[in-house]
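Input: a single structure, listed below in C-alpha cells.
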Amino acid sequence: MSVFLARRFLTFLITISGASVIIFLLLEVLPGDPALTMLGVDAPDSAVAAIRLELGLDRPAAVRYVAWIAGLFQGEMGLSYVYKVPVTELIGQRLQVTLPLAIGSMAVATLTALSLGIFAATNHNRIGDYGVMGFSQLGLAIPDFWFGILLIILFAVILHWLPSGGFPGWDEGLWRGVKSLMLPVFTLSLSLTAVMTRVTRSAVLEVAREDFVRTARAKGLSRRAALWRHVLRNALVPVLTIGGVLVATVLTGTLVIENVFALPGVGKLIFDAISNRDLMVVKNVVLLFAAIVVVVNFMVDILYAMVDPRIRIQT
Amino acid sequence: MTETVSNSDRGSGQGTGRGTASLGFLGRALGHRSFMIGLLLTGAMIISALVSLVWTPHSPTEIVIAERLKLPSASHWFGTDQFGRDILSMIMAGAQTSIVVGLIAVSLGAVLGVSLGLWAAARRGWTEDVIMRLSDLNLAFPVILIAILLTAGWGPGIINAILALGIYNISVFARQVRGAGIAMWEREFVLAARAAGKGNLAITIEHVLPNIISIIVVQATISFAIAILAEAALSYLGVGSQPPNPSWGRMLSESQSYIFLAPIIAVWPGLAIVLSVLGLNLIGDGLRDLVDPRLARRR
Amino acid sequence: MALLSVSDLTVELQTSRGMAPAVRGVTFDLEKGGTLGVVGESGCGKSVTALAIMGLLPDGARTTGRIELDGADLLALDEEARCRIRGNRIAMIFQEPMTSLNPVHRIGRQIAEPLRLHRGLRGANARDEVLRLLERVGLPDPARRIDAYPHQMSGGQRQRVMIAMALSCAPDILLADEPTTALDVTIQGQILDLINELVDDTGMGLILISHDLGVIGETTENVAVMYGGTVVEHGATDRLFANFAHPYSQGLFAAIPQVGAARTGPLRTIPGTVPELADLPSACSFADRCARATEICWRQAPRMERIGPDQRTACHHHGETAA
C-alpha cells in the first residue's frame, strides 16, 4: 500500500510541476515579450518600460518562473495588474460562487445518476431502461450552455419563478443565494448525469453477471440484497473513475455556466482577465484548475485502493 | 464446465440487430435502427454544410436592419436575428465551421495519438512510461483551459479552438490505442509473427493496427461529436470562431442578449448542435455494436 | 419418502435463437444422507438441473415438472420462500472458486452472511461460528485467515471457504457443481476427501456434478449419466461401473485414463460433439454419435427401462455389446 501511495504521489508531483512549466511557457515565453502581450504591440515604449519594471518582466524567464513558484509556496500569487489586488484575494472571493456551483452540480448529478443507473440496470431491456438510456443519449448531445439558456427562457422569461442570472452575494441571505444558483446547478448537472448514468448502468449490469453474485443468491440473499451488498460496491470502481474524469468537466463547465448566468465566479474572472490581458490572473487561475484536476485524480486512485483491495497489490 | 446459456442480451436495447450474425456488415447496419438514425442526422448536417457552400436561402452575413428579429415566415423559415440576417442560412453556414473544426482537430489528435499509443504498446518500458506521463499531463488541461492559455497568449481566433481540441485529443487516442495495442501484442498471431523474426514496426503495421482500427474509428466518431460541442462552447465564450464567420456557438451567445425580446432565436442553433451531436453519438454507439457484438454486450 | 425428488423436470432457456430446451424430463430421487453423482459432457444439462433445484436459472428460463423437498414442490413456492431454503436447507458450491467469492469483502464476512440471514447470528457469535467452520474445512490458521480477502488465498483455500459457506447453516443437501475442475490435481483429491468426510459426518445429502466419471465413481453411491438434457443411465455406482449399459456411458467409462495401464494408441474418445441445445433431434439424442445406432434410434426416443436391480437406462440397444 505504501509503495502504491508513493508511486502515485510521485506521478502527482511530476504532473503538477509539468503543468506549471507548460502554463508559464504558453503565457510568458512562447508568445514573446509578456509586456507586449499585456499592452499590445502598439503600446508606447514608456508604458512598456513601466510595466516591465512594475512586474519584474525584465528578468530572465527562468528567474521569473522560479519567483512565481517560490511565491506559490508562500501562498502568494502576485498582484492582479488590472485590479491591483492580490490574485489570491480575487480567487478567494470568486470561489464563493464557483465552489458551491461545482459541488452542488456534482452532488445532484451523482445522486440522480446512481438512482437512474441502478433503476435502468434492474429493468434491463424493459421500458424503464430504454427511457433512461434515451434521456442520457439526449443529455450527452445537449450543450450545457444552451440548456441553461432554455431554462432561463422557461423559468425567468416565461414563468418568472427564478432570476435570469446574477448573484446577490451570500450576505444577502442564504435563500437568495441558493435561489440564484438553482438553475446554474441544474444546468451543469445535466451532462454529468447523462455520462454517469450510462457508466453506472453498464457497471451494475456487468457486475450482476459475475459468479460471486450467483454465490450470494445461493446463500439465500434476495435479488435486492445481492444488489446492495455485492453488486454495488464492485460497480463503484468504474463509477469512481468516471467521477474523477468528470471533475475536469465540472470545473470547465463552471467557466461556461457562470457566463450563461452572469455569475461572479472564477469563470467570469478568467474571461475578464483574458479581455484585460491580465496575465497574472490567467496564469494562476489556470494552474489552480489544472491542480484541482490532478489532485482529484490522485485522490480517486487512493479511493480505488480503498474500495477494491486487489488494487493495493498491483502498484 | 457450467452451461452459461445467458439470456440473449441485446446490446443497450436500442434496436440492435437480433440473431443476424449471418448477415453481412451492411445488412446488419441497415437493420440497426439507432445507427441509421445517426447516419441520417449526420448526413443532414454534412449536406447542409455542402449546400451552403454554393447556395443559402439568403446571405448568412448580409445585414438588413428593417428585417431584424422577425419570427419564422415563408421567406425566413427560422426567422431573422438582431441584424436581420436569415437564421436558416446562418445555421447552414455554421455547419461548415463545426465540420471543419471537428475534422482538423480530430485528425490532428488521431494521427499523433494513435502513433504514440502504438509506439507505447510496441516498446513498453520507459517509452511507455514517458508517453503515459505526458498524457497524464495533457489530461490536466481540459480543452477550455488550453483554449484560454492560447487566447491569453496570442489573442482570440478559431485556430485556438482547433489546436486546443487537437492537443486534448492526442492523449484521448493515445490512451485508448495503447490499451488495445497491448492486448493485441499478447495475442498468439503476434507472438507467431515475432517468432518469425518480424520487427516491431512491421508487426505494428501488419497485425496490431488493422485489429484495432475499429476502436479508432469509434473513438474518432465520438471525439467528433465532442469537438462540435466544444467548438460551440468556445465560440459561445468568445475564444473560438470570430465574427463574421458563422458559428452555432456564437449565434447562441448573441441570441442571449435578445432573450426577452425574441427567445425563439436561441432555439435554432441549439437544435442544430443537439441533432449533429446526437447523430454522431448514435453512429459511434452503433458502430461499436456492429463491429464487436461482445463489446456491445458489455455496455 | 425421498428427501429430494425431481420428476419430469424440463427447463427451457432463452437463447438468441429463441427458447431452447436445456433439460428434458429429468427424474431422480435423493434419499436423506444419500449421494448422487451427475456426469456428462459440458452442455448436457447437469448444471442447469442444479440451478433449477436452487431456483437460480437465468432470467427468462421456463421450468416445468416437480422438484420436491420433503414432499413440498419448490417450483410452487414464491421467491421469498425459496430464499429461505437457499443456503439454508440446500446449499451449493461452484466450479470457479476464483470468481465465486466477492473480491471486495473479507472472507469472514462472506461466510457469516448466511449465518446472519438464516440463523440470526451477529457480531462475536457469528465470528466464533465462522472460525469453527473454517477449522472444520481444514483451512490453516483460521484466526488470521478470517480477515483475508479472496485474492490473498490459493484456489484450494478458496474452495474450502466456499465449502465453509455452504456448510454454515447445516444444509440437508449440498449441490457441488464441478467443485474440483478448476483446481490443481493434487488439491482436487483433498477437496473431494473433505466433501466425502463432511457428508459422512453431517449426514447431509450430496449431489456431485462432474464431467469426470472417475471422480463420481470414487465419491457417490448413485450415478446419473446425462446426455442432451436427459438422464440416459441411472443406478447404483457399483452396479453401473461393473456394467454400463448405455453406449454413451460406456464411451465415458472407456475414456477414463487408466493409471498404470500401458498406453496403446491415443486416448479413447467419443467421436462427434455435443449437439446444440436448439438442434436436439426428436429421436435418440445420441444417435448421430453412436456406433450402434439403427433406424429405430432415428425414429423414436428410447424410454428409461429397468435392466437390473438398481440400474435403468434409455437405449434401444442396451443388451448388445459394444461394437
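Just checking, does segment C:68-84 include any residue being buried (at least 16 other Cβ atoms within 10 Å of the Cβ) and within 16 Å of the chain's Cα centre (by Cα)? No, the conditions are met nowhere in segment C:68-84. Based on this model, can you work out whether B:Ala174 counts as of a type in the set (A, V, I, L, M, F, W, C), closer than 14 Å to B:Gly238 by Cβ and assigned to a helix (DSSP H, G or I)? Criteria not met by B:Ala174. Screening segment C:169-180 for residues that are buried (at least 18 other Cβ atoms within 10 Å of the Cβ) and outside any strand (DSSP E or B) and picking the one that is nearest to the other protein chains (Cβ to nearest Cβ) gives C:Glu178. Restricted to segment B:257-278, and to residues there that are at the interface with chain A (Cβ under 9 Å from one of its Cβ atoms) and part of a loop (DSSP other than H, G, I, E, B), the residue that is farthest from B:Asp81 (Cα to Cα) is B:Phe260.
Does B:Ser235 fit the bill of being among the polar types (S, T, N, Q), over 23 Å from B:Gly109 (Cα atoms) and touching a residue at least 40 places away in the same chain (Cβ under 8 Å)? Here the answer is no, as B:Ser235 does not meet what is asked. Residues of segment A:158-167 being in contact with a helix residue (DSSP H, G or I) (Cβ under 6 Å, 6 or more places away or on another chain) and either of a type in the set (Gly, Ala, Ser) or surrounded by 14 or more Cβ atoms within 10 Å (Cβ to Cβ) (or both), which ones? Residues satisfying the conditions are A:Leu162, A:Pro163, A:Ser164, A:Phe167. The set of residues in segment B:156-170 that are more than 13 Å from the chain's Cα centre (by Cα), within 22 Å of B:Leu116 (Cβ to Cβ) and crowded, with 24+ Cβ neighbours inside 10 Å contains only B:Ala164.
Yes/no per residue for (1) under 30 Å from B:Ser255 (Cβ atoms); (2) surrounded by fewer than 18 Cβ atoms within 10 Å (Cβ to Cβ); (3) acidic (Asp, Glu):
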| position | (1), (2), (3) |
| --- | --- |
| A:Arg233 | no, yes, no |
| A:Ile257 | yes, no, no |
| A:Gly265 | yes, no, no |
| A:Lys268 | yes, no, no |
| A:Asn284 | no, no, no |
| A:Val294 | no, no, no |
| A:Met306 | no, yes, no |
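Looking across segment C:92-109 at every residue that is more than 7 Å from chain A (Cβ to nearest Cβ) and within 23 Å of the chain's Cα centre (by Cα), the one that is farthest from C:Ile191 (Cα to Cα) is identified as C:Met98. Filter segment C:256-277 for residues that are under 17 Å from C:Arg289 (Cβ atoms) and either of a type in the set (Asp, Glu) or within 20 Å of the chain's Cα centre (by Cα) (or both); which is modelled with the highest pLDDT? Only one residue fits best here, namely C:Val274. Applying the condition of being of a type in the set (Ser, Thr, Tyr) and more than 17 Å from A:Val294 (Cα to Cα) to segment B:110-142 and asking which residue is farthest from the other protein chains (Cβ to nearest Cβ) yields B:Ser115.
If we scan segment A:210-224, do we find a residue that is under 30 Å from C:Arg89 (Cβ atoms), charged (D, E, K, R) and either buried (at least 24 other Cβ atoms within 10 Å of the Cβ) or more than 14 Å from chain C (Cβ to nearest Cβ) (or both)? For segment A:210-224, residues under 30 Å from C:Arg89 (Cβ atoms), charged (D, E, K, R) and either buried (at least 24 other Cβ atoms within 10 Å of the Cβ) or more than 14 Å from chain C (Cβ to nearest Cβ) (or both): present.
Annotation: C:Arg158 fulfils all but one of (1) farther than 22 Å from C:Thr35 by Cα; (2) in a loop (DSSP other than H, G, I, E, B); the unmet one is (2). Applying the selection to segment C:148-193, what residues are among the small types (Gly, Ala, Ser) and at positive phi? Matches in segment C:148-193: C:Ala170 only. When residues in segment B:209-256 are screened for being part of a helix (DSSP H, G or I) and within 11 Å of chain A (Cβ to nearest Cβ), 20 of them pass.
The values are calculated or read from the model by the stated rules, or taken from the named source; none is laboratory data. Just so you know, these numbers come straight off a predicted model, no measurement behind them. Neighbour counts run over all protein chains shown; Cβ positions are idealised from the backbone, glycine included.
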